[in-house]
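First the structure, in the form of structure tokens, and then the observations on it.
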Amino acid sequence: MTDLLLEMKDIHIEGRSDRQWKPIIKGVDLTLNRGEILGLIGESGAGKSTLGLAAMGYTKGGCRISGGSIHFDGQDLVGASNEALRQLRGARIAYVAQSAAAAFNPAYRLIDQYCEAPVKHGVMSRAEAQSDAVQLYRKIRLPNPEDIGFRYPHQVSGGQLQRAMTAMAMACRPDLIIFDEPTTALDVTTQIEVLAAIRGIVREYNTAAIYITHDLAVVAQMADKIKVLLRGEEVEESSARDMLANPQQDYTKSLWAVRDFRRAPPAARHLDEGPLLEIRDMTAGYGAVDILKGINLTITRGTTVAVVGESGSGKSTMARVVMGLLPPSGGSLHHNGAALPKSGKQRPRDLQRHIQMIHQMADTALNPKHRIKDIIGRPLEFFLGLKGRAKDVRIRELLTLIELDPDEFINRMPSELSGGQKQRVCIARALAAEPDFIICDEVTSALDQLVAEGILRLLDRLQREMDLTYMFITHDIATVRSIADEVVVMQNGVIVEQGPKETIFSPPHAPYTELLLSSVPEMDPDWLTGLLKERGAVVTSEEPL
Amino acid sequence: MYNLSHHLKDAPVSAWIGIVIVLFYAVLALGAPFLAPFAESASVGKQYMPWTSPHYLGTDALGRDVLSRLIYGARNTVGIALVTTILAFTLGATFGLLAATIGGWFDAISSRVVDVLMAIPPLIFALLILTITGTSVIALILVIAILDSTRVFRLSRAVAQGILTMDYIEVARMRGEGMFWLIRKEVLPNAAAPLIAEFGLRFCFVFLFISALSFLGLGIQPPTADWGGMVRESAKLISFANFATFQTATFGLAPLLPAGAIALLTIGVNLVVDWVLHMSSGLKD
């Protein structure tokens, strides 16, 4: 286990923007032994993926390796010819991308894509590769391993695709696999199965791996050692257990600290005033298919209701119905005791003003051609009739409220903001309408943990100061733990369980809540092993197709 | 304004060549009466005079000065092409954006109408209509504008549909914004870049289309100078070209002058369009 497989020394990588080379990786060393798994963590823009790809001697378009050396099994990759690199890639070093759905070619069957690499590299004949594929599919616990390869990528689920991709990376039995956030796009319940599959197969073939992620709890399950990156530089590296138990650097400690954010109970719960929003017996869907089936939900003023569930459970559909974007097919909505018209178009402007929504992707929720002052100014003008000087003053107040300096930001374009700043602007836009109810649709899931925590703290502060009520849609249980008063668990369009956070999070749980809660990775490196042992049959059981 | 000068400074050489060519044509078109040495359609000399002073590019079959007619041709051909393209864009983009935003029956009807118009080969369709209406400049502009607006319709509809799926549109809809605000403030600024690029390309096509129609005798009518018509009038000379001396050679080169004018402008506009396209794709990040 001690023989050296990959050695990267003093790596410098530059990317080209605005006609000049800017450093992305600034002198990082990386060594990896055979059969060892290295976890590479850091926030977005830290250079994790760039460094991971460099281990294959590859850089993305517009980037170049400007210094340092990369030796893979004694072979120099920096100076190697494209032909030599081609011999290595796919055969001895493989790559598993973040989104398997985007990385598979939709026009070919899974098994065709599986066979491509071993046949091209002359490792196996087509027939051998096919039978090998079936074997690996079975090992990685895909349902119907004999047949699943003959499906097209769109015919299998996201979790299955990600496993098929891992199997494909294994096809030539490489010495090294680079996993680039393979479970980030998956639900927690699916993530478990993929993690278990990856870990199992990598251990079985004694393959070394670089596992790139921003989720500490995930990396804790997978890695032997962990390297933390920040803005292209290494912060620290140590064995996974040491890192978790005893982080040395302040930055690493701050990454760990995120998990500790707990919101104090709300100052004032207006239990006596009657519900702010009531959903009664609601059904809604697209076309003839009902996504929501009989939802009953009461939201008290001044509280945060977290709606959790995996994708497809109807969380976002519910938000669209409340916003009036999707008229429900049955049931009724009440705001402050008064019935809300089903379609947003029929709602009076003043009623529409009271209910605001913050989207998941701040990138697409801000018009890239509008300045910040126009984005925040428009609801002020539209709902409150503010103009000129009064509008300008209010925009500045709102920017101060969301902790952005008005002088610096008021004239910027969205492209000149970071992800967290964009989300703050979205919050300011919602606040501009002076609402009493805000739907937050996965507002932190596209953000790094530190930034996400900042947003959560901001939302919490605003709630106290402005007496807001939140409906917080999320699939992240950690977020729910930190901010929710009430929790609603949804599955397949129905509410499985609802109640105060304390009740939901303490046993006994409804079976689905149990599955959801136990699937959330914990920082304990033995968590996955323990869970798999405990569940035994659950994970090996085949996913329904 | 700052942005424009900023971009101009960063423009590549090819874009500068394009800009210079386009500006040169614009000056010719605007200043034709002052720049041209002779009148547009007056017989000022003998038939087919060689390239010597005062007729630097010789005379044509009716003894008109070729240089003067080339300069006036810029005004006529380019002017009409420009008006036609602007009209085609106003029409096509308006309906395209409306169809994407309103959707439903409006989209269905306007898209089918466009499909029908596009199903007929444009040259044959234009010939047919112009034969019926007669070959006035107004008829020419309207027919080509309507034919070309179908292409603009398809592009602007597709671009707008992409933009309309963005969350910021949903935010605006949730706010209860009206349709015109939605189109003008949310969709149009984001659709501008591809539409501008298409404008340049479309202008070239219209310009070539008019020249083609003129060549066939259904475009701009003589004695108005027009490059397409000039090519047609002098096309047969090419077979009498004799390259023994410079004087006889210029005779055979006569049709190449208006053809070259068309080609050069097309290249110039495309160079500028390439640059605008590149810029707009770069700005997306």
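The values are calculated or read from the model by the stated rules, or taken from the named source; none is laboratory data. This one's a predicted model, so the numbers in the text were calculated from it and none came from an experiment. Here the Cβ positions follow ideal geometry from the backbone for every residue, glycine too, while neighbour counts run over all protein chains shown.
Just one of the numbered conditions (1) within 22 Å of the chain's Cα centre (by Cα); (2) outside any helix (DSSP H, G or I) is not true of A:Ile198: (2). Being small (Gly, Ala, Ser) and crowded, with 20+ Cβ neighbours inside 10 Å is a property that B:Ser53 lacks.
Listed here are the residues, each with its yes/no results for (1) assigned by TED's automatic domain parsing to the domain that holds A:Leu230; (2) surrounded by fewer than 20 Cβ atoms within 10 Å (Cβ to Cβ); (3) at pLDDT 80 or above.
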position: A:Ala432; (1), (2), (3): no, no, yes
position: A:Cys440; (1), (2), (3): no, no, yes
position: A:Val443; (1), (2), (3): no, no, yes
position: A:Ala446; (1), (2), (3): no, yes, no
position: A:Arg457; (1), (2), (3): no, yes, yes
position: A:Thr474; (1), (2), (3): no, no, yes
position: A:Arg481; (1), (2), (3): no, yes, yes
position: A:Thr540; (1), (2), (3): no, yes, no
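Among the candidates A:Val496, A:Val520, the residue that is of a type in the set (A, V, I, L, M, F, W, C), outside any helix (DSSP H, G or I) and in the same structural domain as A:Met361 (by TED's automatic domain parsing) is uniquely A:Val496. Listed conditions (1) at pLDDT below 85; (2) outside the structural domain of A:Arg481 (by TED's automatic domain parsing) are all met by A:Ile375, apart from (1).
For the residues B:Arg157, B:Arg173, the requirement of being in contact (Cβ under 8 Å) with a residue 40 or more places away in the chain, crowded, with 18+ Cβ neighbours inside 10 Å, part of a helix (DSSP H, G or I) and out of contact with any His (no Cβ under 9 Å at 6 or more places or on another chain) singles out B:Arg157. Look at the stretch A:317-331: where a residue is at the interface with chain B (Cβ under 10 Å from one of its Cβ atoms) and a partner is part of a helix (DSSP H, G or I) and of a type in the set (Lys, Arg), sitting 6+ places away or on another chain with Cβ atoms under 9 Å, you get A:Gly324/A:Lys345; A:Leu325/B:Arg173. Scanning the stretch B:146-184 for residues that are basic (Lys, Arg) and within 28 Å of the chain's Cα centre (by Cα) gives B:Arg151, B:Arg154, B:Arg157, B:Arg184.
Checking A:His370 against (1) facing chain B (nearest Cβ under 9 Å); (2) over 31 Å from the mean Cα position of the chain (by Cα); (3) more than 19 Å from A:Arg320 (Cβ to Cβ), which single condition isn't satisfied? With (1) facing chain B (nearest Cβ under 9 Å); (2) over 31 Å from the mean Cα position of the chain (by Cα); (3) more than 19 Å from A:Arg320 (Cβ to Cβ) applied to A:His370, the lone miss is (2).
Table: residues versus (1) closer than 30 Å to A:Lys22 by Cβ; (2) of a type in the set (Phe, Trp, Tyr); (3) without any contact (Cβ under 8 Å) to a residue 40 or more places away in the chain; (4) touching a Leu at 6+ places or on another chain (Cβ under 9 Å).
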| site | (1), (2), (3), (4) |
| --- | --- |
| A:Asp180 | yes, no, no, yes |
| A:Arg199 | no, no, no, yes |
| A:Asn206 | no, no, no, no |
| A:Tyr211 | yes, yes, no, yes |
| A:Ala217 | no, no, no, no |
| A:Met222 | no, no, no, yes |
| A:Val228 | yes, no, no, yes |
| A:Glu233 | yes, no, no, no |
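With respect to A:Thr400, determine if the residue is among the hydroxyl-bearing types (Ser, Thr, Tyr) and within 22 Å of A:Met323 (Cβ to Cβ). Spelling it out, it is not the case that A:Thr400 is among the hydroxyl-bearing types (Ser, Thr, Tyr) and within 22 Å of A:Met323 (Cβ to Cβ). Residues in the stretch A:473-493 that are over 21 Å from A:Glu522 (Cβ atoms), assigned to a strand (DSSP E or B) and not polar (S, T, N, Q): A:Ile473, A:Glu486, A:Val488, A:Met490. The helices (runs of 4 or more DSSP H) found wholly in the stretch A:87-168 and carrying at least 2 residues that are over 26 Å from A:Gly52 (Cβ atoms) occupy A:110-120, A:126-139, A:145-148.
In this structure, A:Gly35 does not qualify as assigned to a strand (DSSP E or B) and among the small types (Gly, Ala, Ser).
Per the listing A:Ala84, A:Ala80, A:Ala117, the residue uniquely buried (at least 19 other Cβ atoms within 10 Å of the Cβ) and either in the same structural domain as A:Thr207 (by TED's automatic domain parsing) or out of contact with any strand residue (DSSP E or B) (no Cβ under 8 Å at 6 or more places or on another chain) (or both) is A:Ala117. Taking the stretch A:320-352 as the range and being within 34 Å of the chain's Cα centre (by Cα) and assigned to a strand (DSSP E or B) as the test, the residues that pass are A:Gly330, A:Gly331, A:Ser332, A:Leu333, A:His334, A:His335. When the residues of the stretch A:332-363 are filtered to those that are surrounded by 18 or more Cβ atoms within 10 Å (Cβ to Cβ) and polar (S, T, N, Q), which remaining residue is nearest to the other protein chains (Cβ to nearest Cβ)? Here the residue is A:Gln352.
Kindly indicate whether B:Leu182 is in contact (Cβ under 8 Å) with a residue 60 or more places away in the chain and either surrounded by 14 or more Cβ atoms within 10 Å (Cβ to Cβ) or touching a helix residue (DSSP H, G or I) at 6+ places or on another chain (Cβ under 6 Å) (or both).
So B:Leu182 fits the description; yes.
Selection over the stretch B:73-94 of residues that are within 12 Å of B:Arg151 (Cα to Cα) and of a type in the set (A, V, I, L, M) gives a count of 3. Among the conditions (1) surrounded by fewer than 19 Cβ atoms within 10 Å (Cβ to Cβ); (2) within 30 Å of B:Ala15 (Cα to Cα), the only one that B:Phe203 does not satisfy is (1). Condition test on A:Lys422, is it assigned to a helix (DSSP H, G or I), in contact with a Gly (Cβ under 8 Å, 6 or more places away or on another chain) and not hydroxyl-bearing (Ser, Thr, Tyr)? Answer is no for this residue. Go through the residues of the stretch A:270-277 one by one and say whether even a single one is at negative phi and modelled with pLDDT of 85 or more. Yes: one or more hits.
Here the stretch A:5-45 is the region considered, the condition is being crowded, with 23+ Cβ neighbours inside 10 Å and under 21 Å from the mean Cα position of the chain (by Cα), and the residue that is modelled with the lowest pLDDT is A:Gly42. Candidates in the stretch A:374-395 are the residues that are touching a Lys or Arg at 6+ places or on another chain (Cβ under 9 Å), charged (D, E, K, R) and more than 14 Å from every other protein chain (Cβ to nearest Cβ); of these, the one that is farthest from A:Glu416 (Cα to Cα) is A:Lys391.
May I ask you to verify whether A:Val188 is under 23 Å from the mean Cα position of the chain (by Cα), at pLDDT below 85 and more than 21 Å from A:Leu532 (Cα to Cα)? No. From the list A:Glu453, A:Glu497, the one residue that fits, being within 29 Å of A:Gly294 (Cα to Cα) and touching a helix residue (DSSP H, G or I) at 6+ places or on another chain (Cβ under 7 Å), is A:Glu497.
Restricting attention to the stretch B:238-279, the residues being of a type in the set (Phe, Trp, Tyr), crowded, with 18+ Cβ neighbours inside 10 Å and farther than 23 Å from B:Gly73 by Cβ number 1.
The set of residues from the stretch B:155-179 being among the polar types (S, T, N, Q) and within 11 Å of another protein chain (Cβ to nearest Cβ) comprises just one member, B:Thr165.
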